[in-house]
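Below is one structure, written out as structure tokens; comments come after it.
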Amino acid sequence: MAKRIEVSDLNIYYGNFRAVEGVNISIEPRSITALIGPSGCGKSTFLRSLNRMHEVLPGARVEGKVVMDGQDLYGADVDPVDVRRQIGMVFQRPNPFPTMSIYDNVIAGNRLNNKRMKKSETDDLVEKSLMGANLWNEVKDRLDRPGSGLSGGQQQRLCIARAIAVEPDVLLMDEPCSALDPISTLAIEDLMTELKERFTIVIVTHNMQQAARVSESTGFFNLNGVGQPGRLIEFNPTEKIFSNPDEKATEDYISGRFG
Amino acid sequence: MSTPTRIAPDAPARPVGPVRVQRRLPRFAPLGLYLGGVALGFALSALTGFSLATAVVYGVVLGTLAVYVASRAVEGRRKATDRLVTSLVTTAFGVAMVPLLSLVWTVLDNGLPRFDAAFFTNSMYRVVGEGGGAYHAILGTLVITALATAISVPIGLMTAIYLVEYASGRLKKSITFFVDVMTGIPSIVAGLFAFALFTLLFGGGVRLGVMGAVALSVLMIPVVVRSCEEVLKLVPNELREASYALGVPKWRTVVKVVLPTAIAGLGTGVTLAVARVVGETAPLLVTVGLITGTNLNPFDGRMATLPVFAYYQLTQPGTATQAFLDRAWTAALVLIILVMALNVVARLISRFFAPKTGR
Ligand SMILES: Nc1ncnc2c1ncn2[C@@H]1O[C@H](COP(=O)(O)OP(=O)(O)O)[C@@H](O)[C@H]1O
Ligand SMILES: [Mg+2]
């Protein structure tokens, strides 16, 4: 079940360093929201704050509100572990568990949490998730082989299968294609378009064509200089961002004139 | 226009293609030259009244010189330096092997005469002369080392997990510091510590196998902490994050992702830590003592262990001196075999438990 996320006045810190400040954004369900911007402007930091992955780093903290369907994810009584069960994440570099087979990687979310399931149920879940990640046909004959034996693009799709196998409401993707070849990238873009029927998707990308191809809305992050906090400069429908942006900085970045 | 060909001023090289071509010594010439130099060195030493030490020194110096000069003349300066350093490193390796080979040879030579079935099946119970064996000492060593491992591994592993996964700031620094200090504790001090501890608890004159296990643990824990810590640090952070992102709590992530990923290294580290303490003598001498019969209960009186057995065979031979000496050597041989076996086990562990890539 896809969910809407409302972020208001979010400041994100690493120790005393304010990496991102004053973010207000509303992420629509069943759509793809792309985040673009130059390196170091805090896209990853912002993304990780949405499922409370930010705070696993020592000294990292967040001010402000992230509300998902009326519930403040940073509320005092909210367990970050539960938040992460509902908001899944795919990382920049594919990171399948090296000790597990392809099959075990897919159901890692359930296995690691000791969820008891019948063999037939897990079989179905593995097949469904791998189908969902467009990987089933490539690996169905070698489910018991290690996940690290797959190619980079396959590993990334395995990580997507692993993320969707726990049935999250939202899927966060941090530059999921930056380590992949063009064909794998296209495969993952197609996959995202399919997945948005079921999930809310937020993707960070360095590739503006990719943002233009797949997303409904785009947010542009920028920073004034090194050591300054990153800000959300503009958040608009993707067509508007790429044809007629409100902000001069956005236009400069999109047309390659910045710095 | 400049060509990519470059001729070193001191290298007799001809520009043939775009890649520099250089004259090389024939494949086995350096070895031949080196051995020739060594032979010359021996001859030189023979002239001045032969002694092995001067012969080896002359030989090595002349051999290295011969290789260097020939290479310098034919191949140029860079290659000659390469050959010079190769000669020096090989010589250093040879020097390092001398004590090892000599040790293995001596122990085999002296230990093999009693390396028989009786040695492994008999104790020294009521044996005052020839015969007897180290059955009781071998089993005692195994029992006490196993007990020490059972004490050290949980403590050491959990300390390492705490240091890598949980601790931060000053506490982490001070634990690391004290672990380092513990690494340097002389083994006799560890023995005296266990002795004092059990004397406080049970009164004077107490001798128990478990005392030895405690003393060995004091030596073993810092080694286990150190090696496990290094191995856990090698587990990529991405795997922890992948697990957190699936909604897995931290402790489950440690138990089910971090430890299985590191299991090969952990097993290797623990095995090498065992190998490190299995031959300790001093701490066992003051805590466990020695008996002639077989006692396998570490909570009841003295036990025999291989190192202490060897020590007493050597220092207190009865009337049949040679029999006692033979047994001491054989005990040393068994100990070396034990340590080597542990090292092999460590390699096997790291081979078989390493994550498989399946490519
Ligand atoms: N683990 C960290 N500790 C301290 N500062 C960090 C850490 N990760 C990122 N930062 C800082 O936060 C800012 C934003 O980084 P990041 O979110 O990774 O940017 P982006 O993903 O947009 O390239 C940068 O200035 C970076 O140096
Ligand atoms: Mg980033």
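Quick notes on this one:
- Meets criteria (away from ligand 2 (no atom under 16 Å from the Cβ), open to solvent by less than 10 Å² (accessible area, probe 1.4 Å) and under 18 Å from A:His206 (Cβ atoms)) for A:Ile27: no
- Residues that are more than 19 Å from A:Phe235 (Cβ to Cβ), part of a strand (DSSP E or B) and more than 16 Å from ligand 2 (Cβ to nearest atom), drawn from the range A:1-16: A:Tyr13
- Test: residue in the range A:176-185 that is touching a residue at least 12 places away in the same chain (Cβ under 8 Å), touching a strand residue (DSSP E or B) at 6+ places or on another chain (Cβ under 7 Å) and in a loop (DSSP other than H, G, I, E, B): yes
- Among the residues of this structure, A:Gly75 counts as one that is more than 16 Å from ligand 1 (Cβ to nearest atom) and either more than 14 Å from chain B (Cβ to nearest Cβ) or crowded, with 21+ Cβ neighbours inside 10 Å (or both).
- Elements of the type helices (runs of 4 or more DSSP H) sitting completely within the range B:233-314 and holding at least 2 residues that are within 10 Å of chain A (Cβ to nearest Cβ): these cover B:237-245, B:250-253, B:259-278.
- Among the conditions (1) crowded, with 21+ Cβ neighbours inside 10 Å; (2) among the polar types (S, T, N, Q); (3) within 14 Å of another protein chain (Cβ to nearest Cβ), the only one that A:Asn113 does not satisfy is (1).
- Flag for B:Tyr68 being open to solvent by less than 70 Å² (accessible area, probe 1.4 Å), among the aromatic types (Phe, Trp, Tyr) and in a helix (DSSP H, G or I): yes
- For the range A:197-206, the candidate set comprises residues that are open to solvent by 60 Å² or more (accessible area, probe 1.4 Å) and away from ligand 2 (no atom under 13 Å from the Cβ); within that set, the residue that is farthest from B:Ala242 (Cα to Cα) is A:Glu197.
- Some residue of the range B:72-81 being within 19 Å of B:Leu40 (Cα to Cα) and either touching a Gly at 6+ places or on another chain (Cβ under 6 Å) or free of Cβ contacts under 8 Å to residues at least 60 places away in the same chain (or both): no
- Any hit, the range B:300-312, residues being within 30 Å of A:Arg142 (Cα to Cα) and either open to solvent by 70 Å² or more (accessible area, probe 1.4 Å) or of a type in the set (Gly, Ala, Ser) (or both): no
- Verdict on A:Gly40 being more than 16 Å from ligand 2 (Cβ to nearest atom) and either within 11 Å of chain B (Cβ to nearest Cβ) or surrounded by fewer than 16 Cβ atoms within 10 Å (Cβ to Cβ) (or both): no
- Scan of the range A:83-98 for residues that are open to solvent by less than 70 Å² (accessible area, probe 1.4 Å) and either out of contact with any helix residue (DSSP H, G or I) (no Cβ under 7 Å at 6 or more places or on another chain) or more than 7 Å from every other protein chain (Cβ to nearest Cβ) (or both), ordered by number: A:Val83, A:Gln86, A:Ile87, A:Val90, A:Pro94, A:Pro96
- The condition (being assigned to a strand (DSSP E or B), open to solvent by less than 30 Å² (accessible area, probe 1.4 Å) and under 27 Å from A:Val20 (Cβ atoms)) is satisfied by just one residue among A:Glu189, A:Glu234: A:Glu234.
- Search result, residues across the range A:46-70 that are away from chain B (no Cβ under 14 Å) and within 16 Å of ligand 2 (Cβ to nearest atom): A:Phe46
- Here A:Glu194, A:Glu167, A:Glu216, A:Glu239 are screened, and the one residue that is over 22 Å from A:Val62 (Cβ atoms), of a type in the set (Asp, Glu), open to solvent by 10 Å² or more (accessible area, probe 1.4 Å) and within 14 Å of another protein chain (Cβ to nearest Cβ) is A:Glu167.
- Residue in the range B:152-160 that is modelled with pLDDT under 95 and small (Gly, Ala, Ser) present: no
- Considering the range A:197-219, the residues that are at pLDDT 95 or above and within 12 Å of ligand 1 (Cβ to nearest atom) include one that is nearest to the chain's Cα centre (by Cα), namely A:Val204.
- Evaluation of A:Phe91 against (1) without any contact (Cβ under 8 Å) to a residue 12 or more places away in the chain; (2) within 16 Å of ligand 2 (Cβ to nearest atom) (one fails), failing number: (1)
- Among residues of the range B:181-208, those that are part of a helix (DSSP H, G or I) and either touching a Lys or Arg at 6+ places or on another chain (Cβ under 8 Å) or among the polar types (S, T, N, Q) (or both), counted: 3
- Scanning the range A:17-52 for residues that are more than 9 Å from ligand 1 (Cβ to nearest atom), touching a helix residue (DSSP H, G or I) at 6+ places or on another chain (Cβ under 6 Å) and assigned to a loop (DSSP other than H, G, I, E, B) turns up A:Asn51, A:Arg52.
- Here A:Pro176 meets the list (1) of a type outside the set (Phe, Trp, Tyr); (2) open to solvent by less than 40 Å² (accessible area, probe 1.4 Å); (3) modelled with pLDDT under 90; (4) within 14 Å of ligand 1 (Cβ to nearest atom) almost entirely, failing just condition (3).
- All told, B:Ser217 falls short of being within 14 Å of chain A (Cβ to nearest Cβ), modelled with pLDDT of 95 or more and surrounded by 20 or more Cβ atoms within 10 Å (Cβ to Cβ).
The values are calculated or read from the model by the stated rules, or taken from the named source; none is laboratory data. Note that this is a predicted model, so its numbers are computed, not measured. When we count neighbours, we look across all protein chains shown, and the Cβ atoms used for this are built from the backbone with ideal geometry, even at glycine. Surface areas here come from the heavy atoms of the whole protein model, side chains and all, with no ligands, DNA or RNA. Shrake-Rupley method; radii C 1.70, N 1.55, O 1.52, S 1.80 Å.
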